[in-house]
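Below is one structure, written out as structure tokens; the observations come after it.
The values are calculated or read from the model by the stated rules, or taken from the named source; none is laboratory data. In this text the structure is predicted, and so the values were computed from the model without any measurement. Cβ atoms come from the backbone with ideal geometry, glycine included; neighbour counts cover every protein chain shown. For accessibility, only protein heavy atoms count, side chains too; no ligands or nucleic acids. Shrake-Rupley method; radii C 1.70, N 1.55, O 1.52, S 1.80 Å.
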Amino acid sequence: GEALPAVANYGQRPTVESGPVAPLLEAHVLRGAAPTTGDAVRVRWLRRLRAERKFADLAALRTQIGADVAAARRALAESRLAVARVRLDRLGAQVDLVKALGGARPDVAPAVR
């Protein structure tokens, strides 16, 4: 399936729950179509933004969620840049290997004579 950028909370939702409850995973997809109820999803954690805490009211929670979304977008952008750098480094190494082999592709074994 498609990888979708998201911001998520795994916890007990202390601002909206009055007592201890089973932890719940809530994810907000930042781009693309969100999964629907019953869809199987896999979550890959990139970075922990902050600890869960109780807010004075829902307005304060919404304000913090906005800040969390902005932080998540920055973290995702940094992650994509790091992946792009690794891919470019690998491509550069592959180009150097091709030159060293006299133009032969590194994924094709040279013929033995």
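State the extension gain, in nm to one decimal, for the chain segment bounded by Leu46 and Ala82, taking 0.36 nm per residue of separation less the distance between their alpha-carbons. Mind showing how you got there, number by number?
On the way: separation 36, 0.36 × 36 = 12.96 nm, distance 1.24 nm.
Gain on extension, Leu46 to Ala82, equals 11.7 nm.
Tell me, what is the percent relative contact order of region 1-44, built from C-alpha pairs under 8 Å that lie six or more residues apart? Present the calculation step by step, with values, prior to reporting the outcome.
Details: 41 pairs, mean separation 17.4, N = 44.
So the answer I get is 40 percent.
Residues of region 20-74: accessible area per residue at 1.4 Å, in Å²? If you can, show how the numbers build up before the last one.
Values: 4610 Å² over 55 residues.
Computed with neighbouring chains in place, this is 84 Å² per residue.
Can you give me the distance in nm between label points at Gln12 and Gln64, each placed 7 Å from the Cα along the Cα-to-Cβ direction?
Reported label-point gap for Gln12 and Gln64 is 1.5 nm.
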